[in-house]
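The values are calculated or read from the model by the stated rules, or taken from the named source; none is laboratory data. Since we're looking at a predicted model, the values are computed, not measured. All Cβ positions, glycine included, derive from the backbone under ideal geometry; neighbour counts span all protein chains shown. These accessible areas exclude ligands, DNA and RNA; they are computed on the full protein's heavy atoms, side chains included. Shrake-Rupley method; radii C 1.70, N 1.55, O 1.52, S 1.80 Å.
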Amino acid sequence: MKFPQPFYKWRPHPWHGLEVGPDPPRMVHAFIEISPFDLVKYEVDKVTGYLRVDRPQRTSSQPPALYGFIPRTYCGKRVAAMMPRAKRGDGDPLDICVLSERPITKSEIIINVRVIGGLPMVDDGEADDKIIGVLASDTIWSHVEDIDELPQAIVQRLRHYFTTYKVMPGDTSQTVSIDGIYDRAHAEKVIQAAMADYSDEFGEG
């Protein structure tokens with residue numbers, strides 16, 4: 001029996017077994033963990049590669065976009081060095097938010113994403129960048145090449161979600177901060193840094 005190449009006898013690990021993307025850092029793959037309709041936070045299990053329930057969302061806020069990570073990236077020393085107030089990277093793959101005009105309700109999917117910018121998020125001293133992109137095949141967003149071309153309401157919604165999604169009323173232990181936004185050129189540099197951090201941590205594969 002002859003199989004097409006590449007052929008995976010077993011399911012590839014979404015962090016280590018998938019490619020970064022068709023044309024990184026401009027066009028990347030995103031493995032989606034959470035859809036905008038989820039009120040439960042899922043995370044990929046780093047050992048098995050399957051989704052694991054992390055926790056119900058602490059607040060009533062819903063994710064404003066598809067949310068996942070870019071395969072074969074790692075937030076280590078290079079990513080941390082690009083964030084002035086970060087003491088270290090968060091040790092996870094690089095997060096990405098993806099805008100789609102049509103509702104996508106499924107998770108554990110792979111999509112092609114055109115990178116347009118990002119949010120410089122620091123969480124408890126760790127660099128936890130949120131790359132922002134649009135679904136590559138989405139004709140409604142086909143004109144968007146950089147983050148300043150998005151409606152400001154969408155950018156504000158993303159910032160608000162990530163600065164408040166862990167905070168309950170009366171909680172004074174807020175550790176998350178986002179200083180502004182950054183454009184596509186900087187986002188691409190963050191992705192390149194995360195790819196280099198991945199090579200340092202896990203090798204070229």
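Details
- Under the simplified labelling scheme, the ALA81-TYR50 pair shows an inter-label distance of 3.9 nm, with each label point 7 Å from Cα along Cα→Cβ.
- Nitroxide proxy distance, nm - points 7 Å out along Cα→Cβ at PHE202 and HIS143: 3.8 nm
- In order along segment 90-100, the Karplus-derived 3J(HN,Hα) couplings, from 6.51 cos²θ - 1.76 cosθ + 1.60 at θ = phi - 60°, round to 7, x, 10, x, 6, 6, 8, 10, 10, 8, 9 Hz, and Gly and Pro are given as x.
- Inter-site label distance for TYR165 and ASN112 at 7 Å from Cα along Cβ, in nm: 2.6 nm
- Potential lengthening of the chain between LEU39 and THR105 amounts to 22.5 nm, from the contour at 0.36 nm per residue minus the alpha-carbon distance.
- Loop-exposed trypsin sites (Lys or Arg not before Pro) per DSSP, neighbour cap 11 Cβ within 10 angstrom, longest uninterrupted part of the chain: 107-205
- For the chain, the longest principal axis of the C-alpha atoms and the axis of helix 152-164 are separated by about 80°.
- Only protein atoms count toward the accessible area here, which uses a 1.4 Å probe; on the chain, the carbon and sulfur part of that area reaches 53 percent.
- Relative to the longest principal axis of the Cα atoms of the chain, helix 184-202 runs at roughly 60 degrees.
- Loop-located chymotrypsin sites (Phe, Trp or Tyr not before Pro) in segment 27-78 whose Cβ has at most 13 other Cβ within 10 Å (DSSP): PHE37, TYR50
- Residues of type lysines that LYS77 reaches as a straight line, Cα spacing below 21 Å, ignoring anything fewer than 8 places off in the same chain: LYS46, LYS87, LYS130, LYS189
- Accessible area per residue, Å², the chain with all protein chains present, probe 1.4 Å: 52 Å²
- Bridgeable aspartates and glutamates around LYS9 (alpha carbons under 18 Å apart, same-chain partners fewer than 8 residues away excluded): GLU19.
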